[in-house]
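Taking it in order: structure first as structure tokens, then the write-up.
What follows draws every value from the coordinates through simple rules; no lab data is involved. If you're wondering where the values come from, they're calculated on a predicted model, not measured in any experiment. In this analysis, Cβ positions are derived from the backbone assuming ideal geometry, glycine residues included, and neighbour counts consider all displayed protein chains.
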Amino acid sequence: MFRSLLYRIRAHRRQQVHRRFFEGDRKEFFEKIYKGNSGPRVLTGPFQGMAYLNTSDFGPIAPKWLGSYETEIQDLVVELCKRGYESIVNIGSAEGYYAVGFARASGESRIIAFDIDPFARRSLVALAEMNGAADRVEIRKTCTWNLLNDLQCEKQLLFVDIEGAEIDLLDPDECAALRSSDIIVELHHSRDIQDDVEKTMRNRFEQTHDIRRRPQTDRSKWIAANGHIWGKRLCEEEVVRATNEFRTGNQVWLWLEAKA
């Protein structure tokens, strides 16, 4: 009971911060990108055409509307949508960009989404319903080693973005399911191991997985390739702002592909 209350308080505070910083941009870019029409849809990328939310509660929304969001891993996401995973487990699903996106693009894969934020889970329900995927996405709260072992199947993808808790959850010595699952993980700062999260992850998984690194990039290539999308909606200064995900430092994703 206390933990649920704590999660709710933290989620509410984070929501208020996001509104304070990003609500102005949301209003401005919605009018310019969609010309005031209701019902935004993702304009490019692996989830092009997905109906989307109109909220700043979970951070800058325009990169998801435009489809520039996390371009660093978009080619990989496209490939993984075609692999026919039995299950795709999205740990740290937020409002559902990836959970619902995978549900739309991954055929018959079972989609399980975890998030401790009650507001995120509520928004995920809404997003799934908007896209006719309510029966495809299973929504849960806290992910644990026992649950991952229970969910384990022959061909499984874990998509992980949990704001630093990956260092606690992704330990194959403690969770057998991690040794055979493909994993995409966004790495975050951790004081507990002196910021060397990537080295720790590589050491943990080098025996069981092929490991590839995807570093943060700017959005210049996306902007150059998608002028036909933004050119009639935004000026150059505006598209730079609209594709800004407000990341700090040098973000890194690891693609951990289980060895045969």
Under a 5 Å amide H to amide H cut-off, with H placed in plane at 1.01 Å, what residues pair with I111 once short-range neighbours are removed? I88, E138
Is the shape of the range 1-109 best called rounded, prolate or oblate, per the rule: a/c under 1.5 gives rounded, else a/b larger than b/c gives prolate, else oblate, with a ≥ b ≥ c the square roots of the Cα gyration tensor eigenvalues? oblate
Pick out, in residue order, every one of the chymotrypsin sites (Phe, Trp or Tyr not before Pro) in the range 178-253 that is DSSP loop and has at most 13 other C-beta atoms within 10 Å; say none if there are none. F246
For the chain, give me the percentage of DSSP beta bridges that are antiparallel, rounded to the nearest 5 percent. 40 percent
Label E206 and Q48 with points 7 Å out from Cα along Cα→Cβ: what is the distance between them in nm? 4.0 nm
Centroid-to-centroid separation of the range 197-243 and the range 57-127 [C-alpha atoms, Å]: 16 Å
Sequence of H189, H209, H18, H228 once ranked by neighbouring C-beta atoms within 10 Å, starting from the fewest: H228, H189, H18, H209
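Do any GluC sites (Glu not before Pro) in the range 91-135 lie in a DSSP loop with no more than 14 other beta carbon atoms within 10 Å, and if so, which?
Values: sites: E95, E108, E129; in loops: E95, E108.
Passing sites in the range 91-135 are E108.
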Which ³J(HN,Hα) values in Hz, rounded to whole numbers, follow from the phi angles of the range 212-221 under the Karplus curve 6.51 cos²θ - 1.76 cosθ + 1.60, where θ = phi - 60° and Gly and Pro get x? 10, 10, 10, x, 5, 10, 7, 9, 4, 5
At what distance in nm do the modelled label points of K35 and S4 sit from each other, each positioned 7 Å from its Cα along Cα→Cβ? 4.7 nm
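If packing is taken as the average number of other Cβ atoms within 10 Å across a peptide's residues, how do 75-83, 109-117 rank, most packed first?
In decreasing order of mean packing, 75-83, 109-117 become 109-117, 75-83.
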Residue-wise HN-Hα coupling along the range 135-141, computed from phi with Karplus coefficients 6.51, -1.76, 1.60 (Hz; x: Gly, Pro): 8, 9, 10, 8, 10, 10, 8
Tell me whether the range 113-260 comes out rounded, prolate or oblate; compute the Cα gyration tensor, take square roots of the eigenvalues as a ≥ b ≥ c, and use a/c under 1.5 as the rounded threshold. oblate
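Full-extension gain between K232 and V125, please, as 0.36 nm times their residue separation minus the C-alpha to C-alpha distance. Before the final figure, lay out the partial values.
Values: separation 107, 0.36 × 107 = 38.52 nm, distance 3.27 nm.
Stretched out fully, the K232 to V125 stretch lengthens by 35.3 nm.
I need the shape label for the range 20-70. Rule: rounded when a/c is under 1.5, else prolate if a/b > b/c, else oblate, with a, b, c from the alpha carbon gyration tensor. Don't jump to the answer; show the numbers that get you there.
Working: a/c = 1.93, a/b = 1.28, b/c = 1.50.
Taking the square roots of the gyration eigenvalues as a ≥ b ≥ c, the range 20-70 is oblate.
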For the range 77-169, size of Cβ-based charge dipole, Lys and Arg +1, Asp and Glu -1, in debye: 260 debye
Pop out the ³J(HN,Hα) list for the range 163-175 in order, Karplus 6.51 cos²θ - 1.76 cosθ + 1.60 with θ = phi - 60°, rounded to Hz; leave Gly and Pro as x. 6, x, 6, 4, 5, 8, 7, 8, 10, x, 5, 9, 9
Answer label for mean projected area of the Cα convex hull in nm² (calculated), chosen among (i) 13.9; (ii) 22.6; (iii) 19.5: (i)
Long-range amide H contacts for R41: which residues qualify at under 5 Å (H placed 1.01 Å from N, peptide plane, sequence gap of 5 or more or a different chain)? Y52
